1. Using a basic spin-label model with each label point 7 Å from the Cα along Cα→Cβ, how many nm lie between residue 120 and residue 264?
2. Roll a 1.4 angstrom probe over the protein heavy atoms and tell me the percent of accessible area of the stretch 426-541 that is carbon or sulfur.
3. Starting from the Cα gyration tensor of the stretch 461-505, multiply each eigenvalue by 5, take the square root, and state the resulting semi-axes largest first in whole Å.
4. Sort out for me the Cα centre separation of the stretch 161-211 from the stretch 55-74, rounded to whole Å.
5. Convex hull over the Cα atoms of the stretch 418-472, averaged projected area in nm²?
6. So if I place +1 on the C-beta of Lys and Arg and -1 on the C-beta of Asp and Glu, and nothing else carries charge, what would the dipole magnitude of the stretch 486-550 be about its Cα centre? I want it in debye, nearest 20.
7. Treat each spin label as a single point 7 Å out from the Cα along the C-beta direction, and report the residue 29 to residue 104 distance in nm.
8. So for 72, 355, 456, 306, what's the accessible-area order with a 1.4 Å probe, most first?
Amino acid sequence: MGVKGLQSFVERCFPEACVTVNLREMARQHIATNQQSCTSTNNSPTLVVDGMSCLQHWYSCRNWVCGGQWMEYTGVLKNWVEAFTSAGIKLVFFFDGLVEEQKRPEWVKRRHRVSRDIVKIFNHIKEHGKQPDKQLSCLPSALATFTPYALRSLGQEVFCSVREADYEIASYARTHGSMAILGQDSDFIIYDSAPYLSVAKLQINSLTTVIYDRQRLCRNIGLTVTQLPLLACLLGNDVVPEEQMQHIRNNAAAAYRRSNPEPYSGPPHGQVVLAVAQFVRSLYASEEEETGPVPYSLNVSVPQRELLKKGVCSYLLPGQKHYGLVRISAPLLAFEKHVTPEILKACREKHVAVEGFMVYSVMCAGVTECSNSLEDEEDKELLPQALVYKLCRQRVYGLLLLLGKDDSSADVPAIKEWFVFPGNTLKEADMVQPVPVNIPSAQPNLDLLWFSTGHEVSALRLAAFLTVFDCLDYSDLHGKIGDSLLAALCLVTYIVLQVQSLSEEDVDAYLSQAVCLRLRSPLELQQIELPFLSSRAVQLGSLYVRGLSHLLGANNASGCPLPSAALMPWHSFDGQLFHSKYLQAHSGVEKPELLDNDMSCLSQFVGLKEQLLETCRKRGRVLQSEPRLIQKSIQPPPEGSYRGPHPGSPQRVDRAWRGETKKDLQHGQRWRERGEGCREQNYENPQRIQWRGGHRGGGGGGGGGGGQSFHLYSDSYEGNRPPKQPRGGRYPNRGRYQLAPRWQHPPGP
């Protein structure tokens with residue numbers, strides 16, 4: 001978050017304090033200095049990375065609005081990490097673990113700003129059928145949740161903070177003698193820690209960036225490094241609101257103009273910074289000795305002095321003067337009397353090591369929070385994700401706080417939830433009560449689930465996890481299908497049970513995407529071209545990814561019956577693939593086409609859908625077919641094409657959407673794929689049809705070259721092929737298709 005305007009002030013007023021550096025050379029100098037001083041046992045140059053500041057620079061994938069191109073994103077992270085490790089630079093990553101309550105007001109302001117942008121994003125999609133450009137973009141939902149896991153999978157050292165991440169980054173860098181801090185937060189100029197490097201100006205190919213030299217800045221404004229924290233607080237930061245010190249800045253500006261009569265020609269905010277710096281310098285000049293973090297000569301009220309003291313102390317690191325005055329905000333341990341000390345210890349350790357998503361914040365602080373999601377506030381049919389997954393979270397809270405307890409657990413306080421969704425003003429937290437989780441034939445306690453071993457305990461863990469999503473019927477599938485598919489089935493089933501407006505076509509899109517993803521390479525996923533975007537599909541994609549984070553929280557609370565890797569989106573979701581499946585499903589394509597004409601995918605899809613429908617039937621939920629119409633107001637550009645998802649695949653042409661009613665759609669107004677050598681599907685005689693474009697065969701092979709063949713399979717669940725239908729019989733509108741205008745793919749962010 002940082003000090004408003006400070007970094008731009010340094011860049012514009014004192015460019016000599018912004019020095020371009022080569023990180024390879026910086027690493028060599030770091031090693032040489034440590035070897036000469038012999039003061040450090042660790043000579044390897046370490047770069048401490050502020051992960052939250054890097055997210056928007058890491059996510060460079062073309063499509064961001066559909067839910068995330070996760071497989072491509074992990075490839076970007078891999079290349080980014082390798083650029084540093086090949087130069088001999090060790091990376092240590094930090095991510096925010098909790099929002100400190102003193103910074104909650106600023107967090108809320110930012111969430112409201114993003115919410116306003118999301119309204120504009122959906123308006124743009126509905127008007128133009130494509131995502132906006134970079135000036136109006138939003139990171140995929142849950143990117144901050146899953147990125148630490150991605151980095152860990154790459155063998156990197158990753159920490160999740162237990163207090164303000166900026167503080168922990170600066171403290172780690174100072175304590176471990178790190179080479180530098182890489183981020184994009186002006187607070188790193190204020191901390192007396194390792195040099196601060198800009199990730200926004202990083203050139204990854206050459207490993208060059210800009211260092212903000214706090215020593216040069218101090219020489220230019222006449223302050224010492226130890227006086228920078230007071231400057232930051234008087235200018236306004238996350239601890240001291242800007243408006244609290246407005247009168248001081250006004251007086252300082254007036255004094256500055258009197259002592260500097262020459263007209264000021266720099267940026268407007270620059271004069272304010274110079275004026276406050278002059279004021280701080282005068283305060284310390286009048287003090288015979290420093291007696292505390294805030295000079296006595298500063299004439300402010302007692303509450304304001306205490307606020308300034310708190311703000312200044314927030315910048316003091318271990319070993320620095322006045323550090324003893326700092327009160328470290330330790331976890332509140334809100335539910336200490338409801339769980340054992342071993343559980344609380346494990347909570348903290350797992351949280352710091354990025355292994356305990358959701359659990360630590362609930363157990364130790366009694367708070368959970370979730371930032372903005374891509375949700376259309378005008379769509380009244382789809383519930384916001386915060387409400388869809390509320391029951392799931394309540395059951396997770398019940399696992400953590402009520403499992404194995406008797407009626408005496410009734411005194412467990414509610415959990416504070418700060419979840420962003422349309423209509424929530426965020427004026428105060430929602431107080432949510434834990435819901436007991438009843439595991440059939442057993443009522444284990446949390447210590448048993450977390451620390452015990454054995455086959456019976458493993459079965460209890462799985463039962464606890466499945467019960468959270470009302471999917472205990474799927475216990476027998478564990479080990480028979482992949483863990484990622486089991487998780488996807490649980491998630492889609494839960495969504496169907498909670499969202500009554502979800503249709504059979506939506507389920508087909510979710511399940512076909514999960515099944516087909518394993519056959520697609522990152523390159524193939526990148527090359528999927530969408531003729532247009534559906535605002536509803538955008539929200540459904542975001543809803544699914546948020547659900548994956550709830551799967552992760554439930555898995556952690558249950559003692560990890562599934563490996564965390566199975567719940568990662570790069571193993572189970574791609575936004576562009578899902579969106580393409582959504583458009584296909586709602587256009588009424590045959591199931592073989594929806595499943596990439598792959599027999600194994602079709603078989604898996606049919607099995608998963610049968611399980612889902614049976615589970616829903618038992619709970620009184622009947623899934624209805626309700627194909628959606630395409631927005632007719634979208635005007636296609638005159639030129640462009642729709643390319644298939646595979647390199648070298650035949651050109652795909654979209655059929656025109658002529659029907660204006662659901663009945664028309666059900667009579668065969670289809671978005672179909674045509675390619676060289678392909679003729680009308682004949683289910684009476686499933687012959688092998690040759691594709692010269694390289695679609696994969698029935699065995700699910702790679703996206704190989706020309707000449708690869710595949711079978712066409714019936715979409716009948718029993719696998720029986722229906723008799724051949726004459727044109728105009730089963731689908732009376734078939735044969736009256738016209739070629740649609742060719743759509744140009746919307747530009748990336």
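1. Roughly 2.9 nm, to one decimal.
2. Ligands and nucleic acids excluded, carbon and sulfur give 50 percent.
3. Equivalent ellipsoid of the stretch 461-505: 20, 12, 7 Å, largest first.
4. 24 Å
5. Details: hull surface 22.0 nm².
Averaged projected hull area, Cα only: 5.5 nm².
6. On the way: 4 positive and 6 negative charges, 51 e Å.
Dipole of the stretch 486-550, to the nearest 20 debye: 240 debye.
7. Going by the 7 Å Cα→Cβ label model, 4.5 nm.
8. Final ranking, largest accessible area leading: 456, 306, 355, 72.
The values are calculated or read from the model by the stated rules, or taken from the named source; none is laboratory data. Please read all numbers here as calculations on a predicted model, not as lab measurements. Quick reminder, even Gly has a Cβ in these numbers, built from the backbone with ideal geometry, and neighbours come from all protein chains shown. Ligands, DNA and RNA are stripped out before the accessible areas are found, and what is left, the full protein with its side chains, is counted by its heavy atoms. Shrake-Rupley method; radii C 1.70, N 1.55, O 1.52, S 1.80 Å.
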